[in-house]
């Protein structure tokens, strides 16, 4: 199974009558497809693409929110040899047009409403709400090779000419199957999906989940009420998410605890739970498990750093949290913590078949079948991204003596002080995140009037409170080394920081706005 079509046919034929995809569509209606029904839908749309005489290697853009028809379009396109160009549904038109010019797609699969939002739509539309069908000829399918291009993934929010990561069938399939050796999916598992399928973290894990005969529930709305209702009605057992989503769920639980005036009892249960075997903890927090449907097994967290305190909080309540690390260029999973032997301080050991080394400057470098061959029509960027055949991630990290990988932060975020000492912003942010007075915090190196960079914190609070923010900074500074000291702070005036579709803070956008904010505010 070294191509996605081979993996697809093996899966749908093996688990034909099992439920595959589930999606609420309107009011109380639920759409359900078995693996056999999924196969039929995929072949019908593939038949249409055959009728349109698409050629192997031609591109097709999918610009839509995650849903059943997204996956149908994806599998169909790959069956007929096309290369999928996924775009986040919230991508702006200028980004859409830059990607379209770079890839020259034959079609764009999206909703009519989304298509009509384009000022100058030049690519033919395929309506995702009514995917066309035509007779399918399996014998006429091209013979896909492992190294054939499956996806071109462009990072949303890129300025200038975006870079398209080239991912082959072998890259994606090898990563999905390697992940299954560590994340143990069972045929009766049911995943609740809230991340965009345009993001490789969600897509690769979804392929892994389906290949074991398990089901995926796509939440068309991300409102907490909708998600909690789906936990209850669909008996979800696992979820792939980013750390901020875990924090939002926790905030909701703690809000309910405060509403019932049970804060002391709740904290006492956490202290007791930390002393108990993991299997017994869920009984202390039975009401929380009931809200999650009563069948939930574990979260897979990735896409950003997971504060260990947040992970431990969930594990105290009997919810296993598997933290992983990856990057789009690695299809994307590089490492993940195993189910029963994991360390919330680390991102776990590398996946089977994935080699990781630490360069002399501390950069994490990766080699393996999951690693991209480079960037679409951009040999210069490709050359810069590799060193002796190893992909340079741009992340800094180290291994402990057990082989677990730890992330220190991004090379480009590193603050180099005038005395040559290095400050890792993520270390300080993790300390700031421990204070409930703050909703969030980002640490940057701030240069003012030609001076050397100083450590500066940007604070998110509701409501904003200069005195409380200053008190937190003073408390954190007591725990920091002299060179790490936070020299100043700014309170962010908006409800949230600018974020990517996976909820990472857009640091460049934040810093671009910071100078004008500092002129408006009196900061420490």
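Every number here is computed from the coordinates shown, using simple stated rules; none is lab data. Not measured: the values here are computed from a predicted model. Cβ coordinates were reconstructed from backbone atoms using ideal geometry, including for glycine residues, and neighbour counts include every protein chain displayed.
What is the antiparallel percent of DSSP beta bridges lying wholly in region 139-295, to the nearest 5?
40 percent
Going by average Cβ density within 10 Å per residue, which order do the peptides 360-369, 195-204, 293-302 take, highest to lowest?
Details: 360-369: 17.3, 195-204: 24.2, 293-302: 20.5.
In decreasing order of mean packing, 360-369, 195-204, 293-302 become 195-204, 293-302, 360-369.
What is the extension gain from residue 251 to residue 373, computed as 0.36 nm multiplied by their sequence separation minus the C-alpha to C-alpha distance, in nm to one decimal?
39.8 nm
In Å and on Cα atoms, what radius of gyration and Dmax does region 196-300 show?
That works out to 15.3, 45 Å for Rg and Dmax.
Express in whole angstrom the spacing between the alpha-carbon centres of region 215-290 and region 56-118.
35 Å
Pull out the extension gain between residue 387 and residue 112, defined as 0.36 nm times the separation in residues minus the alpha carbon to alpha carbon distance; nm, one decimal.
Numbers: separation 275, 0.36 × 275 = 99.00 nm, distance 4.44 nm.
Full extension of this stretch gives 94.6 nm more.
Along the Cα→Cβ direction, 7 angstrom out, place labels at residue 360 and residue 212. What is the inter-label distance in nm?
So the two model labels end up 4.3 nm from each other.
Return the FRET efficiency for the residue pair residue 155, residue 53: r is the Cβ-Cβ distance, R0 is 45 Å, and the value is rounded to the nearest 0.05.
Details: r = 32 Å, r/R0 = 0.71.
The calculated FRET efficiency here is 0.90.
How high is the relative contact order of the chain, in percent, counting Cα pairs under 8 Å that sit 6 or more residues apart?
10 percent
Points 7 angstrom from Cα along the Cβ direction at residue 127 and residue 32: gap in nanometres?
Reported label-point gap for residue 127 and residue 32 is 2.8 nm.
I'd like the projected area of region 286-400, averaged over all directions, using the convex hull of its alpha carbons. Report it in nm² with one decimal.
Working: hull surface 35.6 nm².
With every direction weighted equally, the projected area is 8.9 nm².
Counting only DSSP beta bridges with both residues in region 262-362, what percent are antiparallel, rounded to the nearest 5? Spell out each step's value before the answer.
On the way: 4 of 8 bridges.
Bridges in region 262-362 that DSSP calls antiparallel: roughly 50 percent.
Using a 10 Å cut-off on Cβ atoms, rank the peptides 126-132, 210-216 from the highest mean neighbour count down. Provide the component values of the computation, followed by the final result.
Working: 126-132: 15.7, 210-216: 22.0.
Peptide ranking by packing, descending: 210-216, 126-132.
Work out the FRET efficiency for residue 262 and residue 467 from their Cβ-Cβ distance, taking R0 = 22 Å, and round it to the nearest 0.05.
Working: r = 29 Å, r/R0 = 1.32.
Efficiency computed from Cβ-Cβ geometry: 0.15.
Taking the C-alpha atoms of the chain, how large are the radius of gyration and the largest Cα-Cα span, Dmax, in Å?
23.6, 71
Between rounded, prolate and oblate, where does region 180-223 land on the alpha carbon gyration tensor, with a ≥ b ≥ c its root eigenvalues, rounded for a/c under 1.5, else prolate if a/b exceeds b/c?
Values: a/c = 2.50, a/b = 1.47, b/c = 1.69.
Because a/c hits 1.5 or more and a/b fails to exceed b/c, region 180-223 counts as oblate.
Can you give the angle from 0 to 90° between the axis of helix 224-234 and the longest principal axis of the chain, with both taken from C-alpha atoms, to the nearest 10?
On a 0 to 90 degree scale, this one is about 50.
Taking each pair of different alpha-carbon atoms in region 4-169 once, compute 1/r for the pair, average those values, and report the inverse of that mean as the Kirkwood hydrodynamic radius in Å to one decimal.
Numbers: mean 1/r = 0.0606 Å⁻¹.
Hydrodynamic radius (Kirkwood, Cα only) of region 4-169 equals 16.5 Å.
Antiparallel as a % of all DSSP beta bridges within the chain, to the nearest 5? Walk me through the numbers before you get to the answer.
Numbers: 42 of 75 bridges.
Of those bridges, close to 55 percent are antiparallel.
Residue 487 to residue 312: FRET efficiency via 1/(1 + (r/R0)^6), r the Cβ-Cβ distance, R0 22 Å, to the nearest 0.05? Intermediate values should be presented prior to the final figure.
Working: r = 31 Å, r/R0 = 1.40.
Using R0 = 22 Å, I get an efficiency of 0.10.
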